[in-house]
1. Using R₀ = 35 Å, calculate the FRET efficiency as 1/(1 + (r/R₀)^6) where r is the Cβ-Cβ separation of residue 56 and residue 11; round to 0.05.
2. Using the heavy atoms of the protein chains alone and a 1.4 angstrom probe, what is the accessible area of the chain per residue in square angstrom?
3. Find me the longest stretch of the chain that has none of the exposed trypsin sites (Lys or Arg not before Pro), where exposed means in a DSSP loop (not H, G, I, E or B) with at most 10 other Cβ atoms within 10 Å.
4. How large a share of the accessible area of the chain, in percent, is made up of carbon and sulfur atoms when the probe is 1.4 Å and the other protein chains stay in place?
5. If R0 is 22 Å, what FRET efficiency do you get for residue 40 and residue 64 from their C-beta distance, rounded to 0.05?
6. Mind listing the long-range amide H neighbours of residue 16? Cut-off is under 5 Å, sequence gap 5 or more, other chains count too, H placed in the peptide plane at 1.01 Å from N.
7. Which value in nm describes the separation of the simple spin-label points at residue 74 and residue 26, placed 7 Å from the Cα toward the beta carbon?
Amino acid sequence: QVQLVESGGGLVQAGGSLRLSCAASASTFSINAIGWYRQAPGKQRDMVTLITSSGTPTYADSVRGRFTISRDNNKNTVDLQMNSLKPEDTAVYYCFAFMSRAYWGQGTQVTVSS
């Protein structure tokens with residue numbers, strides 16, 4: 001069992017930055033992949049970024065170059081630094097982890113105003 005708790009969402013103007021954090025109840029070193037998905041109103045939940053246990057990150061094309069994922073295995077946390085935010089980044093952001101099965105956090109709202 002892995003519990004994931006997100007923090008750091010909020011309201012920001014376009015061009016601004018936010019940092020999300022996800023605290024995992026299990027060692028992030030033992031988690032196969034951990035990262036972030038997002039879901040905008042009326043749309044499907046899409047992958048934003050994932051990082052494997054080896055430290056290799058993957059980014060969606062829409063955020064590459066603006067978002068950066070980082071993992072702290074000592075603190076069992078995964079952070080998402082979001083820069084140059086756009087209104088289309090507005091969504092509920094969910095922390096995701098895979099360790100034998102998928103686990104999800106409760107989600108945190110990110111709203112980018114134009």
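The values are calculated or read from the model by the stated rules, or taken from the named source; none is laboratory data. Values in this document were obtained by computation on a predicted structure and should not be read as measured data. Here the Cβ positions follow ideal geometry from the backbone for every residue, glycine too, while neighbour counts run over all protein chains shown. When the accessible area is computed, the model is the full protein with side chains, heavy atoms only, and any ligands, DNA or RNA have been set aside. Shrake-Rupley method; radii C 1.70, N 1.55, O 1.52, S 1.80 Å.
1. 0.60
2. 51
3. Numbers: sites that count: 43, 101.
For trypsin sites (Lys or Arg not before Pro) (loop position, at most 10 other Cβ atoms within 10 Å), the longest site-free span of the chain is 44-100.
4. Using a 1.4 Å probe with all protein chains present, the chain comes out at 49 percent carbon and sulfur.
5. On the way: r = 18 Å, r/R0 = 0.83.
After rounding to 0.05, the efficiency reads 0.75.
6. 85
7. Reported label-point gap for residue 74 and residue 26 is 2.4 nm.
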